[in-house]
């Protein structure tokens, strides 16, 4: 039975998406309006743009840093239980993770100030859902092998770490060209939480030793907590305990009727010289305060038991004694499981981007650069070359510490109607992540599509990582005067 349970968990984790959030293809792809969401201080050449609602930005990621579906179910003649032990139990560590990321632009737009053409404003609303679960290594061993042959081994309860959230983000940003070398930007955010759960600060252990009154003695020392927000009301509606509509509850929370929070994004672009550009941004420096529909669970204390102890002949003095219930009551007294409705604060997974880019080849428009202000000429006020080559860094704050990725990229512009960006990314999930992004400018219509880890599409069941992003916008360039 425990082998089947572990197998089900392994399959679930193996097909779950990975929570990484690195958008290396979109970052600094300045032809695409959504790139300003990754760097509010990027160079902009738009007079205005308007995203098609629900279609201007759709982004998702999937993968696993540990096992894959194929590693468990490939027709290779090996026993499934042997593969679970070799590839899941012995092949994964507590740092392997599984999760999900989905982001959808509900509304996105931007416009340049007519009074001050060096200033550009952006605004919008997007939905974001994130989930992450680290492989609970010691607990998986305990579930698979049990504790009978593990005398003296402490199974670490701290291996259980998980977090998930769903929220809408209302944002407004200001982008300003200080001079022809430096552009800076900032974006304020209001978070409206729909649901949240996290359990990441767990400590304690479970150990089995030789007993004195029985063969074995089990000791549990635990300080564990799970905090949730947004689930109880939905559960009550589904169980018909209260009247209402789940859709109405979710819509209300998404439109500033849920748990609220504040955040800020910062970014810059600096031209070292005519051809060399460095950029950087800090995203989601903020928090959410969870006070509505909150439910917390805790397990704190320590207990040691040798099972049901029947001492003869003393046991005959009370033939109606319930020895099992006595044991349960004793453990609950030493190790109480409690719930509460206390509010709490969660901090957003802050991200850091940085890049250096070298432009080369012929200019896309014209042969000479000028010192004209934005608004004097058309979209090509900033000198754009046909080619760009560079590197990018991405870091994100995770429950087990910062996570980093390095990317090399090449960008090619074809006239004014097409741009192609290809990337090679190295991180903890893949050493052969090749990505491709294409942007088309068809008159006022802007269409882009991106995909990562292209080599993995040969066999998705054996792929550790995949991501995609598509979008549709309406753009306008030209003089603002």
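The values are calculated or read from the model by the stated rules, or taken from the named source; none is laboratory data. Nothing here was measured: the structure is a model prediction, and the numbers come from that model. Virtual Cβ from ideal backbone geometry, glycine too; neighbours counted across all protein chains shown.
Considering segment 397-432, and only residues there that are over 30 Å from residue 475 (Cβ atoms) and buried (at least 16 other Cβ atoms within 10 Å of the Cβ), the residue that is nearest to the chain's Cα centre (by Cα) turns out to be 398. Please determine whether any residue of segment 332-344 is more than 39 Å from the chain's Cα centre (by Cα), assigned to a loop (DSSP other than H, G, I, E, B) and modelled with pLDDT under 95. No. Of note, residue 28 satisfies the criterion of being part of a loop (DSSP other than H, G, I, E, B) and either under 22 Å from residue 271 (Cα atoms) or at pLDDT 95 or above (or both). Residues in segment 31-69 that are part of a loop (DSSP other than H, G, I, E, B), under 22 Å from the mean Cα position of the chain (by Cα) and without any contact (Cβ under 8 Å) to a residue 60 or more places away in the chain were compared, and the one that is surrounded by the fewest Cβ atoms within 10 Å (Cβ to Cβ) is 54. Which of the residues belonging to segment 183-237 are in contact with a helix residue (DSSP H, G or I) (Cβ under 7 Å, 6 or more places away or on another chain) and more than 28 Å from residue 400 (Cα to Cα)? Hits for segment 183-237 are 233, 234, 237.
Any idea which residue in segment 95-119 is surrounded by the fewest Cβ atoms within 10 Å (Cβ to Cβ), counting only those that are at pLDDT 90 or above and assigned to a loop (DSSP other than H, G, I, E, B)? Only one residue fits best here, namely 115. The residues of segment 175-202 that are closer than 17 Å to residue 107 by Cα and surrounded by fewer than 19 Cβ atoms within 10 Å (Cβ to Cβ), listed by number, are 188, 190. Counting the residues of segment 35-61 that are in contact with a strand residue (DSSP E or B) (Cβ under 8 Å, 6 or more places away or on another chain) and closer than 12 Å to residue 475 by Cβ gives 9.
Answer yes or no: is there a residue in segment 10-21 that is surrounded by 18 or more Cβ atoms within 10 Å (Cβ to Cβ), at pLDDT below 95 and closer than 30 Å to residue 386 by Cα. Checked segment 10-21: at least one residue is surrounded by 18 or more Cβ atoms within 10 Å (Cβ to Cβ), at pLDDT below 95 and closer than 30 Å to residue 386 by Cα. Looking across segment 277-295, the residues that are modelled with pLDDT under 95 and surrounded by fewer than 19 Cβ atoms within 10 Å (Cβ to Cβ) come down to 291, 292, 295. Collect the residues in segment 127-143 that are under 21 Å from residue 253 (Cβ atoms) and in contact with a helix residue (DSSP H, G or I) (Cβ under 8 Å, 6 or more places away or on another chain), keeping them in residue-number order. The one that is under 21 Å from residue 253 (Cβ atoms) and in contact with a helix residue (DSSP H, G or I) (Cβ under 8 Å, 6 or more places away or on another chain): 127.
Tell me which residues, restricted to segment 439-467, are at pLDDT 80 or above, surrounded by 17 or more Cβ atoms within 10 Å (Cβ to Cβ) and part of a strand (DSSP E or B). Residues satisfying the conditions are 439, 441, 446, 448, 450, 451, 467.
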